[in-house]
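What follows is a short report on a single structure.
The values are calculated or read from the model by the stated rules, or taken from the named source; none is laboratory data. These figures come from a predicted structure and were not determined experimentally. Here the Cβ positions follow ideal geometry from the backbone for every residue, glycine too, while neighbour counts run over all protein chains shown. Only protein heavy atoms, including side chains, enter the accessible area calculation; ligands, DNA and RNA are left aside. Shrake-Rupley method; radii C 1.70, N 1.55, O 1.52, S 1.80 Å.
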Amino acid sequence: AQDVTVQVLHGDDLLVTSDVTLDDGVDELQVAQMLNLENMTGDQQLTVRAFNTHLPPRVYGTETIDITVANCAPEAVVGFPLEEYDVDEDETLEIELDGQFTDVEGHDLLFALGEVDEDVSGTSLDGTTLRIVPDANFFSADGETERVTLLVSDGIDETPVQFNIVVNQLADEGLAFG
């Protein structure tokens with residue numbers, strides 16, 4: 001039996017090293033290893049090499065493998081967004097987006113506004129802060145919500161995220177509700 005080191009490289013970057021034992025008379029080596037493919041998408045080339053580090057040194061083989069890594073679209077973290085957000089009439093609701101989305105490849109995330117219901121047309125995006133601004137003196141009818149769609153992109157794929165907003169009616173000065 002011989003100790004063998006197996007390495008998987010992406011260009012000059014070492015992704016993983018495994019030490020295994022190759023039994024005498026065995027000329028084929030099978031190693032299953034999880035790879036961190038962060039920041040890799042599209043067509044990629046990996047190099048797998050097997051060698052021993054004992055004297056006399058021996059290279060068992062080097063193989064080049066072509067792979068295609070599919071991009072995964074950004075995802076919201078568990079529990080975000082809330083099922084519904086409340087904002088009082090004539091107030092602004094601010095929702096911080098930083099840290100609320102993940103991208104398994106580690107791509108930088110970009111945010112953009114998608115569809116916005118007309119009664120919250122003052123809604124805007126300032127960096128990673130979503131500002132939901134209901135129209136003046138507007139409030140939601142019973143059981144209805146206003147919708148704002150945020151588009152979250154990793155530069156390759158885009159994920160639409162819907163925010164459901166209830167604008168609460170407040171008593172106007174000089175008026176009383178019965």
*Charged-residue dipole, Cβ positions (Lys, Arg, Asp, Glu), the chain about Cα centre, Debye nearest 20*: 1140 debye
*To the nearest 10 square angstrom, how much accessible area does residue 102 have with a 1.4 angstrom probe?*
70 Å²
_the chain - percent relative contact order, Cα under 8 Å, separation 6 or more_ = 19 percent
_So if each residue of separation counts as 0.36 nm, and I subtract the Cα-Cα distance between residue 20 and residue 121, what length gain in nm does that give?_
30.1 nm
*Contact order normalised by residue count of region 42-128, Cα under 8 Å, 6+ apart, percent*: 22 percent
*Among the DSSP beta bridges whose two residues both lie in the chain, what percent are antiparallel, rounded to the nearest 5?*
90 percent
_Relative contact order of region 112-155, pairs being alpha-carbon contacts under 8 Å that are 6 or more residues apart, as %_ = 48 percent
_Dipole axis of the chain (+1 Lys, Arg; -1 Asp, Glu on Cβ), positive-most option in 21, 111, 78_ = 21
*Just the accessible area per residue of region 1-119, please: how many Å² with a 1.4 Å probe?*
68 Å²
*Using a probe of 1.4 angstrom, how much of the accessible area of region 1-121 is carbon and sulfur, in percent?*
45 percent
